[in-house]
Amino acid sequence: MSTGAVGRAYPRLEGPAKVTGAARYAVEYPVDGVSYGWAVPSAVVRGRITRIDTTQALASPGVLAVLHHGNAPRITPGPPSELRLLQEPTVHYRGQFVAVVVATTLEAAREGARLVRIDYDTGPHSTVLTDDHPGLYAPEHVNPSYPTDTAEGDFDAGYAAAPVRIDATYRTPAYHNNPMEPHATTAQWHDGRLVVHDSNQGASSVQATLAELFALPPESVRVVAEHVGGGFGSKGYAKAAVVLAALAARHVDRPVKLALTRQQLFGPIGYRTPTIQRVRLAADTDGRLTAICHDAISQTSTIQEFAEQTAVYTRSMYAAPHRRTTHRLVRLDVPTPFWMRAPGECPGAYALESALDELAVAVGIDPVELRIRNDTAVDPEQGRPFTTRNLVACLREGAQRFGWAGRDPAPRSRREGRWLIGTGVAGSSYPARSRPSAATATARPDGSFLVRVNATDIGTGARTAMWQVAADALGVPPERVEIRIGDSALPTAPVAGGSMGTSSWSWAVIRAAQALREKLRDGTPPTSEVTAAADTTEEVGGQPALPRYAYGAQFVEVRVDADTGEVRLNRMLGVFAAGRVVNPTTARSQLIGGMTMGLSMALHEEGLLDERYGDWVNHDLATYHITGCADVESIEAYWLDERDDELNPAGVKGIGEVGIVGTAAAVANAVHHATGVRIRELPIRLDKLIGVSGLA
Ligand code: MOS
């Protein structure tokens, strides 16, 4: 018996607490005897600390301690190596945290950090990705555990024999995650137990990592992440801030608050790797693909391997008998890259969906029609049917809503005064996975219910979605349900990542609610609290392995100033097929948020690394431009009413990431349609358009 909460638009439960300031973020919890940590970054790229002089810093008013490799508490050796901070004098990349100053005020800690003197021995470094780098190698697998290379049929023969061929190389720069709330932690030790209030995407995972690093039983570590101001992947695992805060708190034997500065987010927390992607497509004259090859190059660090799955998107998106994908990596003297919204799929789709547009132009077929022609009911590499695949329906509905019909395919065919107008389209897809989770449901004598699951709400509306799911599963109005999330003391749950939070947590919540209803068969409130627990480890592990994806189609209209090359977005429209939508309000925010971030990737964001200093030149929000409201004139997101019973009990596919996949290609394709200029290296800035092909 469903009460119909799922599918209804509810405002975020914690909205009032957030707008009144009552909601507490990681470093906003009041703590007695608190002190403040300030992280000190290395000033060299590669080398060794030969001397640390803390005399001046320690003499500065309020400074309690300076931690460094010579005096910091020990943490266990082994992976993840990037978190074993302050353990050795070696410097692996510029910006690596090599000391922490702890003081009685934030200002005193900052001043102390300025006064720490560090001498280094330095060596030569390599920090820029090139396609002929001598260090290129094939990793054992790519994230999370995909094969590095795949091959079906005979790509070379298929490509050589085809009447139409596209061979193009696309480049994307480094992109930096900039959640509003930086990585931040309040750490406290009490009798050998560690309690952290930390900004992360999964308190259970951070708890496990801290327990390992500090050689503690997991129950001796508690991680609270009640409200989190964004993550986008960058807080997917424990990161430097929480480790430094825990080390510092242990060292000074009092609570420590440590928040990274905005500048410190550029690098040390990870970033989306730059990519160099060669895509080759071959087709019949009717636009049917016969051969596809996607060769992707990206970077990792010298301390930890991170192998972005850039070409994985191409493995299942469009059909063709002859196929090949490869990934190559280079270890550079840089911070380890990390997740950023749709890692792999997002940069990969920019390349593939741009190449498809180039093919559409070459064969003279409408780009929407070209994608429909190359749709497939079975996964092209696995040969198994998709649980549901509504790419074509998204393309058709998007085309209709956008007003695509009657588009003149000729580039530069529309002009309004100085503005050249163009439209572009791209497909999107993102895997619909689930992970094991636990949850409990409790019936109280007053007729209310408490549902507990260590989900994380990183600003997405996850708390509200779980509350809706719980109400329907319990068969009661949501007003009678209390939901508790964001604390490792709650039943263990996976991270808010990979677009699998809602699918994974709701699975456990529904099972716990069902178990509770079994216990309360007559439906009357119990005389004392009754609790039922669920753990989906076995059930999720036993899922049939049919390929499962969310899909989308993105349509974009741009205008390009014919004199200056300035690109402006007129409108952007996406239609998605992502299973059941739990809350239309927050779902829409996720989708248009992803699309906005994709626009940002297409037109603005670029991490510029200067090889001489091995550091990012632009490392603040003044110089690293992120799309703001004024850059988005009209944006619409729609979704199909999609039912897919193969997925999980809630029937959801996840919507956190599919919105960004394909956006950059749709923008680039629209810019080509407007100007006749194909930009194969993001971002699309005016300096790449001006003076090209008759502009200006
Ligand atoms: Mo997302 S990049 O999987 O947190």
- Message: Which residue, GLY153, GLY70, ALA57, has the largest displacement toward the positive end of the dipole of the range 50-194 when charges sit on each Cβ (Lys, Arg +1; Asp, Glu -1)?
- Response: ALA57
- For the chain, what is the mean residue ellipticity at 222 nm derived from helices alone (per DSSP H run of n ≥ 4: -39500 (n - 2.57); sum divided by total residues; nearest 500 deg cm²/dmol)? -7500 deg cm²/dmol
- Length added when fully stretched, GLU518-ASP641, from 0.36 nm per residue minus Cα-Cα: 41.2 nm
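Could you tell me whether the range 46-153 comes out rounded, prolate or oblate from its Cα gyration tensor? Rule is a ≥ b ≥ c as square roots of the eigenvalues, rounded for a/c under 1.5, then prolate if a/b exceeds b/c, otherwise oblate.
Values: a/c = 3.06, a/b = 2.30, b/c = 1.33.
In terms of gyration-tensor shape, prolate.
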- Message: I'd like the GluC sites (Glu not before Pro) in the range 86-193 restricted to DSSP loop residues with at most 15 other Cβ atoms within 10 Å, sorted by number.
- Response: GLU140
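Once you order the gyration tensor axes a ≥ b ≥ c over the Cα atoms, which shape class does the chain get: rounded for a/c under 1.5, otherwise prolate or oblate by comparing a/b with b/c?
Working: a/c = 1.82, a/b = 1.18, b/c = 1.54.
Since a/c reaches 1.5 but b/c is at least a/b, the shape of the chain is classed as oblate.
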- Item | Carbon + sulfur, % of accessible area of the range 404-560 - ligands and nucleic acids excluded, 1.4 Å | 51 percent
- Item | Nitroxide proxy distance, nm - points 7 Å out along Cα→Cβ at ARG415 and ASP631 | 2.8 nm
- Where does the range 422-577 land on Rg/Rh, using Cα atoms and the Kirkwood Rh? 1.17
- Query: Relative contact order for the range 303-359 using alpha-carbon pairs under 8 Å, separation at least 6, rounded to a whole percent?
  - Reply: 52 percent
- Query: Got a sec? Which residues in the range 215-240 would a label at HIS190 touch, if it sits 7 Å along Cα→Cβ and we count backbone N under 16 Å?
  - Reply: 219-225
- Roughly how much of ASP253 is accessible, in Å² to the nearest 10, using a 1.4 Å probe? 130 Å²
- Can you list the trypsin sites (Lys or Arg not before Pro) in the range 561-657 that are in a DSSP coil and have 15 or fewer other beta carbons within 10 angstrom? ARG612, ARG643
- Query: What trypsin sites (Lys or Arg not before Pro) in the range 53-94 are in a loop by DSSP, with at most 14 other Cβ atoms within 10 Å of the Cβ?
  - Reply: ARG74
- Note on the structure: In nanometres, the difference between 0.36 nm per residue of separation and the alpha-carbon distance of ALA43 and VAL31 is 1.0 nm
- What accessible area per residue comes out for the chain, rounded to a whole number of Å², with a 1.4 Å probe? 36 Å²
- Put a dot 7 Å past each Cα toward the Cβ at GLU539 and ILE690; how far apart are the dots in nm? 6.0 nm
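Using a 1.4 angstrom probe with every protein chain in place, what is the largest-first accessible-area order of ILE49, ILE626?
Numbers: ILE49 15, ILE626 60 Å².
Reading off the accessible areas and sorting them downward yields ILE626, ILE49.
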- Ignoring ligands, DNA and RNA, what percent of the accessible area of the range 1-157 is carbon or sulfur (1.4 Å)? 54 percent
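Given a Förster distance of 45 Å, report the FRET efficiency between ALA489 and GLU369 from their Cβ-Cβ distance, rounded to the nearest 0.05. Please list the in-between numbers first.
Working: r = 55 Å, r/R0 = 1.21.
It comes out at approximately 0.25.
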- Query: Round to a whole number: what % of the accessible area of the range 214-370 belongs to carbon and sulfur, probe 1.4 Å?
  - Reply: 49 percent
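Multiply the residue gap between ALA59 and ALA168 by 0.36 nm, knock off their C-alpha separation, and tell me the result in nm, one decimal place.
Details: separation 109, 0.36 × 109 = 39.24 nm, distance 5.95 nm.
So the extension gain works out to 33.3 nm.
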- Item | Accessible heavy-atom area order of LYS519, LYS18, LYS239, highest first, probe of 1.4 Å | LYS519, LYS18, LYS239
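Taking 8 Å as the Cα distance limit and 6 or more residues as the minimum spacing, I'd like the relative contact order of the range 578-661 as a percentage. Don't jump to the answer; show the numbers that get you there.
Working: 93 pairs, mean separation 46.0, N = 84.
Normalised by residue count, the contact order of the range 578-661 is 55 percent.
The values are calculated or read from the model by the stated rules, or taken from the named source; none is laboratory data. Here the structure is a predicted model, which is why all the values come from computation and not from measurement. Positions of Cβ are generated from backbone atoms using ideal geometry, with glycine treated the same way; all protein chains shown enter the neighbour counts. Accessible surface areas use protein heavy atoms only, side chains included; no ligands, DNA or RNA. Shrake-Rupley method; radii C 1.70, N 1.55, O 1.52, S 1.80 Å.
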